[in-house]
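Presented below is the structure to which this report refers.
The values are calculated or read from the model by the stated rules, or taken from the named source; none is laboratory data. What you are looking at is a predicted structure, and each value in this text was computed from that prediction instead of being measured. Virtual Cβ from ideal backbone geometry, glycine too; neighbours counted across all protein chains shown.
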Amino acid sequence: MIIHQFYDNGLAHASYAIIRMGKMIVIDPARDPQHYYDFATLHEAEIVGVIETHPHADFVSSHLEIHQTTGAVIYVSKLTGAGYPHETFDDGDVISLNDIKLKAINTPGHSPDSICILVVDENGHDKALFTGDTLFVGDVGRPDLRENVGNITAKKEELARQMYHSTRKKLMVLPHNIVVYPTHGPGSLCGKNISPDLQSTIGRELREIMHCN
């Protein structure tokens, strides 16, 4: 299994490619899809899927262009109300990438329609977690950006309560050695105190929470 991070310093935005046995899925792609096409070609892989962890307000995604160019399936939460061709991806849903699995976890908080993606390897072990704007390194996503925009809106107080439940009851109960891959780094407006590190682990984030408390 290959997991590769593409990072745009100007937008403090991270996107990802997962490759397993010649099949590739892209997560939260940036506007220019050429990086993903080149990476797929380098590894002789076919792009079969694109996952959006939530609708992005701070950059334009190339998910639809990748779908139109490669035929890759777009996966999003049903809560986004997407009008483009897609398959819904929510709690209990699984994408098989040859012999590894990608599992959806609904994690409202930054937005009502946010999801995280848990990667289970070929041996059945939980290995990685793509957290979108739910969990950053050393911070969580701001809950005050979806009060007046998007398919679903919610007051920041309610989203903050949902964020607490999503992080404490869904993410922090996962194995401590799982690698955390967020969609933003320091400088993004989606978080206020994001660490300069571009990946973490569940165990590290638990220690940070306990230290803050």
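For (1) in a loop (DSSP other than H, G, I, E, B); (2) modelled with pLDDT of 85 or more; (3) in contact with a Lys or Arg (Cβ under 8 Å, 6 or more places away or on another chain); (4) crowded, with 23+ Cβ neighbours inside 10 Å, each residue gets a yes or a no:
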| site | (1), (2), (3), (4) |
| --- | --- |
| 147 | yes, no, yes, no |
| 160 | no, yes, no, no |
| 173 | yes, yes, no, no |
| 193 | yes, no, no, no |
| 206 | no, yes, no, no |
Given the condition touching a residue at least 24 places away in the same chain (Cβ under 8 Å) and among the hydroxyl-bearing types (Ser, Thr, Tyr), answer yes or no: does some residue in region 81-89 qualify?
no
Restricting attention to region 81-138, the residues that are of a type in the set (Gly, Ala, Ser) and out of contact with any Ser or Thr (no Cβ under 8 Å at 6 or more places or on another chain) number exactly 8
Which one of these does residue 11 not meet: (1) at pLDDT 95 or above; (2) among the aliphatic types (A, V, I, L, M); (3) assigned to a loop (DSSP other than H, G, I, E, B)?
(1)
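I need the full set of residues from region 38-56 which are part of a helix (DSSP H, G or I) and either touching a residue at least 60 places away in the same chain (Cβ under 8 Å) or closer than 19 Å to residue 100 by Cα (or both), in order please. Outline the logic, then answer.
First, pick out the residues of region 38-56 that are part of a helix (DSSP H, G or I): 38-42.
If the condition is that a residue be part of a helix (DSSP H, G or I) and either touching a residue at least 60 places away in the same chain (Cβ under 8 Å) or closer than 19 Å to residue 100 by Cα (or both), then 40 is the only one that fits.
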Would you please name the residue that is surrounded by the most Cβ atoms within 10 Å (Cβ to Cβ), looking only at residues in region 20-37 that are touching a helix residue (DSSP H, G or I) at 6+ places or on another chain (Cβ under 8 Å) and in a strand (DSSP E or B)?
26
Among (1) closer than 21 Å to residue 135 by Cβ; (2) modelled with pLDDT of 95 or more; (3) part of a helix (DSSP H, G or I), which single condition is residue 3 missing?
(3)
Conditions first: (1) more than 17 Å from residue 68 (Cα to Cα); (2) in contact with a strand residue (DSSP E or B) (Cβ under 6 Å, 6 or more places away or on another chain); (3) among the aliphatic types (A, V, I, L, M); (4) part of a loop (DSSP other than H, G, I, E, B). Residue 17 passes all but one, so which condition is the exception?
(4)
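Anything in region 87-100 that is surrounded by fewer than 24 Cβ atoms within 10 Å (Cβ to Cβ) and within 16 Å of residue 63 (Cβ to Cβ)? List them, or say none. Steps first, please.
Applying the first criterion (surrounded by fewer than 24 Cβ atoms within 10 Å (Cβ to Cβ)) to region 87-100 yields 87-88, 90-100.
Result: 87, 88, 95.
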Please give the number of the condition residue 103 fails out of (1) surrounded by fewer than 20 Cβ atoms within 10 Å (Cβ to Cβ); (2) outside any strand (DSSP E or B).
(2)
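Check 40, 82 and return the single one that is modelled with pLDDT under 95, more than 22 Å from residue 170 (Cβ to Cβ) and surrounded by 15 or more Cβ atoms within 10 Å (Cβ to Cβ).
82
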Going through region 57-90 in order, the residues found to be of a type outside the set (Val, Ile, Thr) and part of a helix (DSSP H, G or I) are 63, 64, 65, 67, 68, 78, 79
Within region 27-81, count every residue that is within 20 Å of residue 131 (Cα to Cα) and of a type in the set (S, T, N, Q).
5
Within region 119-142, restricting attention to residues that are without any contact (Cβ under 8 Å) to a residue 60 or more places away in the chain and buried (at least 19 other Cβ atoms within 10 Å of the Cβ), which residue is nearest to the chain's Cα centre (by Cα)?
136
